[in-house]
1. When the Karplus curve 6.51 cos²θ - 1.76 cosθ + 1.60 is applied with θ = phi - 60°, which whole-Hz ³J(HN,Hα) does each residue of the stretch 233-246 get, with x for Gly and Pro?
2. Among the lysines, which fall within straight-line cross-link reach of LYS495, defined as a Cα-Cα distance under 21 Å, with same-chain neighbours fewer than 8 residues apart omitted?
3. Compute the orientation-averaged projected area for the stretch 1-116 from the convex hull of its Cα atoms and round it to one decimal in nm².
4. How large are Rg and Dmax for the stretch 403-509 when calculated on the C-alpha trace, in angstrom?
5. On C-alpha positions alone, give me the angle between the axis of helix 29-46 and the longest principal axis of the chain, in degrees, nearest 10.
6. Which semi-axis lengths, in whole Å and largest first, follow from the square roots of five times the eigenvalues of the Cα gyration tensor of the chain?
7. For a Förster distance of 30 Å, can you work out the FRET efficiency between the beta-carbons of ARG139 and ALA225, rounded to the nearest 0.05?
8. Starting from the Cα of LYS76, draw a straight line to each of the lysines and keep only those under 28 Å, dropping any in the same chain fewer than 8 residues away.
Amino acid sequence: MYPIDFFYRAARLAPQRIALLSGTTSISYAELCTRVDAGACALRALDPTAGSRVGICAGNTVEHIVALLSVLASGKVWVPLNWRNPASELDRILAFTEPSIVIAEPAHLSHLDLTAVGSVVALGDPGAGQLRFHDLLYRYRGEVAPAHGRSRDEVQAIKFTGGSTGTPKGVMQPYRAWETTIVNQIHAFGFDQDDRYLVAAPVTHGTSTYLLPILAVGGCHVLPADARPATLLGCFRHQGITTTFMPPTLLYMLVAEAGTASEHFPALRHLIYGGAPMPPEKIRRMRDFFGPVLETTYGQTEAPQVVSMMRADDFAEESNWRSVGRQGLLTDMAIMDPQGGLLPVGEVGEIVVRGDLVMCGYWKMPEKSAETLVDGWLHTGDRGYIDARGYLYLKDRLREVVITGGFNVYPIDVESVLDQHPAVHESAVFGVDDDKWGEAVHAAVQLKRGAQVSEQELIAFAKPELGSVKTPKSIHFYEDLPRSVAGKVHKVTIKAQIHEKLKPAQEAAQ
């Protein structure tokens, strides 16, 4: 059984149910199945090689979802291309994965280097002469995708966790990991055919892990006209939304947009957040506004979505609020010391995960794969402990990563760009706690002797290469960056100094 088969089974059992709803357009399971089969046949015709890669660059649209499901049905490997990332980063991913097919909206096609791509397919309404996905669906309508025969340990998707500079790091997610995610999600939250899932977060990220679980049980995905807080609130109010997944920052924006203490959403059952922690005061505010429906998951791209989860009834006990819940049904999770020994209840160490949920490695990075996957255990780089009830608590991260608005930002990517400015001697990038973003990207910079550059000039220099998410929100200038006895920049000292510097403003804002 393959991940796409969960959808096919639901389509056979309830062909007339609505699978996708976008504005006034509704698509039944039967129609979606027809389109997915046609899309899979079209992809196989463009490139008959099983396991070849297909990049997709698009927003949250019906065509994007059809294209993604078509890739899964065709036996090819999905390479998500987040259109919010700068073109230079996407070009690096394309060069690294060498997809034979790229599917993209016209607005993004012109910004990508597609010279080495065998077939370029446009979503939506492109210019004259471009191959259209819509036309391919019409051409192959009525045909059924043949079995591809790939094993459950082979790669279904390559998702990237970094890559603003240098060689990107692509996580190879096998079929078995996707199947495990589907089962974990359904078991954790009890999804059923009455679920209406609001597609709010990008399909290229966390939302992709909810597509098949909802479709597997005969539920409906609701695509909003845009991702503005006012639009999303309108969906909650008028479209009977039962379930959604969002990063914390988007939830905060919805509450700020409403401007009221609370609202009543009688259909809402699963308001799931992830990608970043939520402090207790924010948890209380979200529960006051939306009701007792807040839930969360902990996972990584290397172990997608449900390593652990907190259900709404877990949140009823305030003492649980600093936890990220208990392990998923098909997840094996433990705490390990630096020597590789498993630690007992309550002791802090590295969180490790094993089982079918875990990736099969990093694309073209065998040494990095061997470093991360040891004796069957995935080393997450996160530290925490498990209490006697099985609840996981996160403490800190062994690996440097800033989680801002649900997106991972690797400091070295940002530092590599800042250090290219002719006035910069050295930079140090880190995360600062932020009410809106969870963490905000900040940078400490030491300039070359006699050089001058303003904060805004340096931000403007970095933004075209990094994009808005990874570009520092603030830059702090140092005459000499604090260093360890070995001469390395000491980020712990810098973060403590910046925290003290920002504390008065933060306290005044509370």
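Quick note: the coordinates plus some simple rules give every number you see, no bench work behind them. Since the model is a prediction, treat every value here as computed from it, not as a measurement. All Cβ positions, even for glycine, are placed from backbone atoms using ideal geometry, and neighbour counts span all protein chains on display.
1. 4, x, 5, 4, 6, 10, 10, x, 5, 9, 8, 7, 10, 8
2. Answer for LYS495, where 21 Å is the Cα cut-off: LYS395, LYS436, LYS470, LYS473, LYS503, listed by chain and number.
3. Numbers: hull surface 31.0 nm².
The directionally averaged projection comes out at 7.8 nm².
4. Rg and Dmax of the stretch 403-509, Cα atoms, are 13.5, 39 Å.
5. The two axes meet at around 80 degrees.
6. They are 36, 28, 24 Å, listed from largest to smallest.
7. Efficiency for this residue pair is about 0.55.
8. Result set, ordered by chain and number: LYS159, LYS169, LYS364, LYS368.
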